[in-house]
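J.: Below is the structure I would like to discuss, written out as structure tokens.
Taken together, the values in this text are just the output of simple stated rules run on the coordinates, not laboratory data. On a predicted model such as this, the values are computed, not experimentally measured, just so you know. In this analysis, Cβ positions are derived from the backbone assuming ideal geometry, glycine residues included, and neighbour counts consider all displayed protein chains.
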Amino acid sequence: MEILVSGALAIDRIMTYNGRFGDHIAPERVHRINVGFTVDGFHAYFGGTGGNIAYSLAMLGERPRLIAAIGYDCREYLEWLGQNGIATDDIIVVAEEATASAFITTDLGHNQITFFNPGAMKQPVGFDFSGVNPEESISIVAPCNLADMADFTEQGARAGIYTIFDPGQSLPAWDAEGLTTAIGNSDLLIANEYEMGLIGDTTGLDEAGLLERTGAIVTTLGGGGVRIATADGGQSIPCVPTPDAVDPTGAGDAFRGGLILGLARKEGLERAAQLGCACAHFAIRQPGTQEYRYTMDELEAALRRAYGE
């Protein structure tokens with residue numbers, strides 16, 4: 001089964017401020033802020049929705065095709081992808097832009113200030129789905145260039161390719177018509193609970209209305225597991241207990257890798273979601289979004305502990 005992953009490639013630069021932002025930002029002066037925060041070093045991680053999902057699939061022994069844009073500072077990231085068995089042939093290099101970057105600073109109160117530079121992601125990648133065998137392929141369209149997201153869902157529907165639509169962080173940029181059309185061109189809609197609320201606000205559609213346009217809805221609930229909705233009803237999947245969790249960042253993308261593999265193997269939506277939860281279990285035990293590793297024996301053991309045989 002050919003797995004197509006379209007989404008962002010980014011470098012996450014994560015910093016910690018050993019104080020509280022609120023101690024230095026006076027409410028009466030928020031209209032004219034001029035403050036500086038000294039951070040205690042930073043860590044840079046390879047990330048982005050496309051890279052993270054492809055990495056999750058690589059951990060499962062798959063070799064997905066990653067459709068994305070990357071900037072002139074691409075050498076190390078491309079080498080990393082290659083080392084992990086991720087095909088880079090469909091990645092375009094935008095010579096005049098840096099790779100998309102997130103600069104995230106968290107204070108002692110877990111408040112965050114984030115700056116995001118889309119960089120190369122501003123450039124549409126473009127991809128021709130006509131050469132893809134729809135009966136032997138599955139596609140996920142994750143947050144990236146908005147024009148690509150609309151185009152890839154439309155091409156997928158026209159070609160008859162099973163398509164997962166994952167609007168995520170791109171949601172504020174969509175209008176009602178474009179978002180509703182993209183959902184209607186998908187076979188499965190996936191988002192977290194907050195994002196599902198944004199989808200409803202933007203489209204004006206409730207769950208029943210969304211299910212008139214797509215075949216299934218998967219809502220991730222963090223520690224609450226996953227909720228599946230289809231025309232036949234709803235179903236809840238508990239998460240895999242992880243008492244040694246370190247960092248939830250990237251758990252959703254790891255989940256998507258397992259979900260895709262389960263669907264590609266035609267194991268059914270329930271089992272696919274369980275597999276996704278097991279993948280997320282390993283991701284949150286390490287900082288960063290592409291730092292975790294596990295063996296297939298460890299994965300099977302986690303599945304048995306959480307869901308039995």
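J.: Using the Cβ atoms and a cut-off under 11 Å, what net charge is assigned to the surroundings of G47, where Lys and Arg are +1 and Asp and Glu are -1? All intermediate terms of the calculation are to be shown ahead of the outcome.
T.: Working: positive: R13; negative: D12, D253, E291.
The answer is -2.
J.: What is the sum of charges around A8, taking Lys and Arg as +1, Asp and Glu as -1, for the other residues whose C-beta is under 12 Å from the C-beta of A8?
T.: On the way: positive: K122; negative: D12, D148, D166, D253.
Local charge sum for A8: -3.
J.: Then there's this: So what J values fall out for region 223-231 if you push phi through Karplus, 6.51 cos²θ - 1.76 cosθ + 1.60 with θ = phi - 60°, rounded to Hz, Gly and Pro as x?
T.: x, x, x, 9, 10, 10, 10, 9, 4
J.: Same structure again: Hey, could you get me the Stokes-Einstein D for region 211-292, Kirkwood radius over alpha-carbon pairs, 20 °C and 1.002 mPa s, rounded to whole µm² s⁻¹?
T.: Numbers: Rh = 12.9 Å.
D, rounded to a whole number, is 167 µm²/s.
J.: Here is a further query. In nm, what is the difference between 0.36 nm times the number of residues separating D175 and E136 and their Cα-Cα distance?
T.: Working: separation 39, 0.36 × 39 = 14.04 nm, distance 3.24 nm.
Result for the pair: 10.8 nm of gain on full extension.
J.: A further question on this structure: Tell me, what ³J(HN,Hα) does each residue in region 272-286 have, in order and in whole Hz, if you take phi through Karplus 6.51 cos²θ - 1.76 cosθ + 1.60 with θ = phi - 60° and put x for Gly and Pro?
T.: After applying 6.51 cos²θ - 1.76 cosθ + 1.60, I find 4, 5, 4, 4, x, 5, 5, 5, 4, 4, 6, 5, 7, 8, 9 Hz.
J.: OK, next. Using only Cα atoms, what is the ratio of the radius of gyration of region 145-255 to 2.2 N^0.38 Å?
T.: Ratio of Cα Rg to 2.2 N^0.38 Å: 1.09.
J.: At R0 = 35 Å, how high is the FRET efficiency between A44 and D201 if r is their beta carbon distance? Nearest 0.05 is fine.
T.: Numbers: r = 34 Å, r/R0 = 0.98.
That pair, A44 with D201, gives E of 0.55.
J.: Here's a follow-up. Take the Cβ-Cβ distance between T230 and I92 as r, set R0 to 41 Å, and report the resulting FRET efficiency rounded to the nearest 0.05.
T.: The computed FRET efficiency comes out at 0.70.
J.: Shifting gears a bit: If I stretch the segment between E300 and E267 completely, what's the gain in nm (0.36 nm per residue apart, minus their alpha carbon distance), one decimal? List each step's numbers first, then the result.
T.: Values: separation 33, 0.36 × 33 = 11.88 nm, distance 1.48 nm.
Answer, rounded to one decimal: 10.4 nm.
J.: Show the residues, 5+ positions off or on another chain, whose built amide H is closer than 5 Å to the amide H of E2.
T.: Sorted by chain and number, the residues that satisfy this are S137, I138.
J.: Also, quick follow-up: Assign unit charges at the C-beta atoms only (+1 for Lys and Arg, -1 for Asp and Glu), then state the dipole size of the chain relative to its Cα centre in Debye, rounded to the nearest 20.
T.: Values: 19 positive and 41 negative charges, 100 e Å.
In total the dipole reaches around 480 debye.
J.: Then there's this: Tell me, rounded to the nearest percent, the portion of alpha carbon pairs in region 1-94 spaced more than 16 Å apart.
T.: Details: 2704 of 4371 pairs.
Of all Cα-Cα pairs in region 1-94, 62 percent lie more than 16 Å apart.
J.: Rounded to whole Å and ordered largest first, report the semi-axes of the equivalent ellipsoid of region 129-183 derived from its Cα gyration tensor (root of 5λ).
T.: Values: eigenvalues 88, 21, 15 Å².
So the three semi-axes of region 129-183 are 21, 10, 9 Å.
J.: While we're looking at this one, here's another question. Can you list the residues, at least 5 places off or on another chain, whose amide H is less than 5 Å from the amide H of A10, using H built in the peptide plane?
T.: G47, G48, G51
J.: Name the most mobile residue of D23, D40, D206, meaning the one with the largest mean-square fluctuation, in a Gaussian network model of the chain with Cα contacts below 10 Å.
T.: D23
J.: Still on this structure, please answer the following. Name the residue, out of V240, V39, V141, whose mean-square fluctuation peaks in a Gaussian network model built on the chain with Cα pairs under 10 Å.
T.: Maximum among the listed residues: V39.
J.: Let me ask something else about it. Any chance you could check the Cα centroid distance between region 232-271 and region 1-37 for me, in angstrom?
T.: Distance between centres, Cα-based: 27 Å.
J.: Given 25 °C and 0.890 mPa s, compute D for the chain with the Stokes-Einstein relation, Rh being the Kirkwood radius over Cα pairs; round to the nearest whole µm²/s.
T.: Numbers: Rh = 20.1 Å.
D = 122 µm²/s.
J.: How large is ³J(HN,Hα) for each residue in region 291-297, as worked out from phi by the Karplus curve 6.51 cos²θ - 1.76 cosθ + 1.60 (θ = phi - 60°), to whole Hz, x for Gly and Pro?
T.: Calculated HN-Hα couplings, in order: 10, 7, 8, 7, 9, 5, 5 Hz.
J.: Please report the net charge: other residues with Cβ closer than 11 Å to the Cβ of T249, K and R +1, D and E -1. Display every interim value, and only then the final one.
T.: On the way: positive: none; negative: D12, D247, D253, E291.
Summing Lys and Arg as +1 and Asp and Glu as -1 gives -4.
J.: So what is the 222 nm mean residue ellipticity for the chain from helices alone, if each DSSP H run of at least 4 adds -39500 (n - 2.57) and you divide by all residues, rounding to the nearest 500 deg cm²/dmol?
T.: Details: 9 runs with 100 residues, N = 309.
Value at 222 nm, helices only, nearest 500: -10000 deg cm²/dmol.
J.: Take each of the peptides 116-129, 46-59, 72-85, 255-268, average the number of other beta-carbon atoms within 10 Å over its residues, and list them starting from the highest. Please list the in-between numbers first.
T.: Details: 116-129: 18.7, 46-59: 28.0, 72-85: 15.0, 255-268: 21.9.
The most tightly packed comes first, giving 46-59, 255-268, 116-129, 72-85.
J.: If you don't mind, another one. Might you report the magnitude of the Cβ-based charge dipole of region 123-266 about its Cα centre, with Lys and Arg at +1 and Asp and Glu at -1, to the nearest 20 debye?
T.: Values: 6 positive and 20 negative charges, 74 e Å.
Charge dipole, region 123-266, about its Cα centre: 360 debye, nearest 20.
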